[in-house]
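Everything below concerns the one structure shown next.
We did not get these values from a lab; they are worked out from the coordinates using the rules stated. What you are looking at is a predicted structure, and each value in this text was computed from that prediction instead of being measured. Please note: Cβ atoms are built from the backbone with ideal geometry, for glycine as well, and neighbour counts cover all protein chains shown.
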Amino acid sequence: MSTQSASPEMNRLCQEHQIDYAGLWLDLRAEAERVAASERELRSLMQEVILDQECLAGALGMRLARKLAREDMTRGELAPLLAGLLREHPDLVKSAAADLTAIVDRDPAASTALEPLMYYKGFLAITTYRISHYLWNNDRRPLALYFQSLASEVFAVDIHPAAQIGCGILLDHATSFVVGETAIIEDDVSILHEVTLGGTGKQTGARHPIVRSGVLIGAGAKILGRVEIGMCAKIGAGSVVLKDVPPHKTVAGVPAEIVGESAEENPAAFMDQSLHCSGL
């Protein structure tokens with residue numbers, strides 16, 4: 001049986017993130033204590049998800065169990081399953097920590113890491129994907145597909161468990177985000193809602209997009225086929241991308257065409273969705 005939780009390249013990229021995991025966990029606990037003290041109605045939620053847990057793995061497992069529980073798999077069954085997988089495979093937790101850090105760094109609406117962990121369906125959806133991806137690569141495909149279907153139902157985010165996604169990912173709002181089976185998303189990418197990384201027909205093999213590091217994809221963009229979005233490119237909202245986008249270029253339109261350079265060195269980090277068109 002394979003023990004690979006992601007592709008070697010994805011693992012290498014994730015390991016390059018410098019995250020203070022102990023400090024992040026202490027900050028989460030401190031904020032949960034503050035919320036529990038100030039909001040009586042949220043006290044039991046904070047207690048069970050954060051304050052009763054010994055580490056981030058337990059907190060992630062409990063939060064997902066509360067969100068994903070159904071008649072066919074209860075919270076009591078899900079919580080130990082999810083927390084156990086996360087504890088046994090710390091790369092999954094490191095990836096989640098990098099995502100939390102990216103959200104706080106890039107989203108002005110997120111003042112603390114506790115907010116995306118508790119309330120942001122984009123973070124919860126991609127964390128569910130990370131678990132399903134591990135299961136898919138370790139000969140547990142029925143369970144991987146089960147978690148994919150749950151994430152689609154609960155979060156309106158449909159990511160095939162075979163897709164390869166790096167760390168430091170921001171799914172902003174996330175509703176109707178769709179990723180096909182052979183798609184690759186590298187580290188430090190920011191994606192808004194209603195984005196599709198899809199195929200163009202019934203062909204098999206590598207048929208979905210490759211998105212390189214630092215890319216910003218605007219709301220409603222559709223990227224179709226085995227096209228490559230170059231490092232630090234920017235895709236305008238509502239665009240339909242059917243061909244490769246060179247690094248550091250901005251594209252927009254239906255079909256998308258190059259309209260200028262990416263004004264920022266790293267568009268994903270700056271989250272500026274203006275196009276900065278040249279020659280217009």
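Computed from backbone phi, the HN-Hα couplings of the range 149-163 come to 5, 4, 4, 5, 6, 7, 10, 6, 10, 10, 10, 5, x, 7, 4 Hz, rounded to whole numbers (Karplus: 6.51 cos²θ - 1.76 cosθ + 1.60, θ = phi - 60°; Gly and Pro given as x).
For the chain, the number of Lys pairs separated by eight or more positions or lying on different chains, with C-alpha atoms closer than 15 Å, is 5. Exposure proxy ranking for TYR146, TYR129, TYR134, based on other Cβ atoms within 10 angstrom of each Cβ and starting from the fewest, stands as TYR146, TYR134, TYR129.
Mean-square fluctuations from a GNM of the chain, with a 10 angstrom spring cutoff on Cα atoms, peak among GLU54, GLU181, GLU194 at GLU54.
Just checking the listed ones, ASP187, ASP72, ASP158: in the Gaussian network model of the chain with Cα springs under 10 Å, the one fluctuating most is ASP72. Taking a ≥ b ≥ c as the square roots of the eigenvalues of the Cα gyration tensor, the range 119-172 is oblate, since a/c reaches 1.5 or more and a/b is not larger than b/c.
Across the chain, the mean sequence separation of Cα contacts (distance under 8 Å, 6 or more residues apart), normalised by length, yields a relative contact order of 12 percent. When Rg and the Kirkwood Rh are both derived from Cα coordinates, the Rg/Rh ratio for the range 176-280 amounts to 0.94. When the chain is described by a simple charge dipole with +1 on each Lys and Arg Cβ and -1 on each Asp and Glu Cβ, the residue from LEU24, ILE217, ALA206 located farthest towards its positive end is ALA206. Taking 10 °C and 1.306 mPa s as conditions, the chain diffuses translationally at an estimated 83 µm²/s according to Stokes-Einstein applied to its Kirkwood radius (Cα pairs).
Rounded to the nearest 20, the Cβ-based charge dipole of the range 51-196 about its Cα centre (Lys and Arg +1, Asp and Glu -1) stands at 340 debye. Listed values for the range 111-122 are Karplus-derived 3J(HN,Hα) couplings in whole Hz (6.51 cos²θ - 1.76 cosθ + 1.60, θ = phi - 60°), namely 8, 9, 5, 4, 4, x, 4, 8, 10, 8, 5, x, and x replaces Gly and Pro.
3J(HN,Hα) along the range 96-105, derived from phi through the Karplus expression 6.51 cos²θ - 1.76 cosθ + 1.60 where θ = phi - 60°, amounts to 5, 5, 5, 5, 4, 4, 4, 4, 5, 5 Hz, with x in place of Gly and Pro. Cα extents for the range 152-207 along the principal axes, largest to smallest and rounded to whole angstrom: 31, 25, 17. Hey, how many Å between the Cα centroid of the range 241-255 and the Cα centroid of the range 183-218? Comparing the Cα centres of the range 241-255 and the range 183-218, I get a distance of 12 Å.
Stretched out straight at 0.36 nm per residue, the stretch from ALA237 to LEU26 would grow longer than its current Cα-Cα span by 72.2 nm. In angstrom, the C-alpha Rg and Dmax of the range 1-157 are 15.2, 49. Note on the chain: GNM, Cα springs under 10 Å; of THR200, THR250, THR101, the largest mean-square fluctuation is that of THR200. Scanning residues 5 or more positions from PHE177 or on other chains, those with amide H under 5 Å from its amide H are ASP158, GLU194, VAL195, with H placed 1.01 Å from N in the peptide plane. For the range 176-280, the relative contact order works out to 21 percent when only alpha carbon pairs closer than 8 Å and six or more residues apart are counted. When both bridge partners sit in the chain, DSSP labels roughly 15% of those beta bridges antiparallel. Normalised by residue number, the volume inside the convex hull of the Cα atoms of the range 106-259 is 104 Å³ per residue. For the chain, with the dipole built from +1 on Lys and Arg beta-carbon atoms and -1 on Asp and Glu ones, taken about the Cα centre, which of VAL240, VAL157, TYR146 lies farthest toward the positive end? Of the listed residues, the answer is TYR146.
Only the Cβ atoms of Lys and Arg (+1) and of Asp and Glu (-1) were treated as charged; on that basis the dipole of the chain about its Cα centre amounts to roughly 680 debye. Each of SER38, GLY58, THR112 was placed along the dipole of the range 1-157 (beta-carbon charges, centred on the mean Cα), and the one lying farthest toward the positive end is GLY58.
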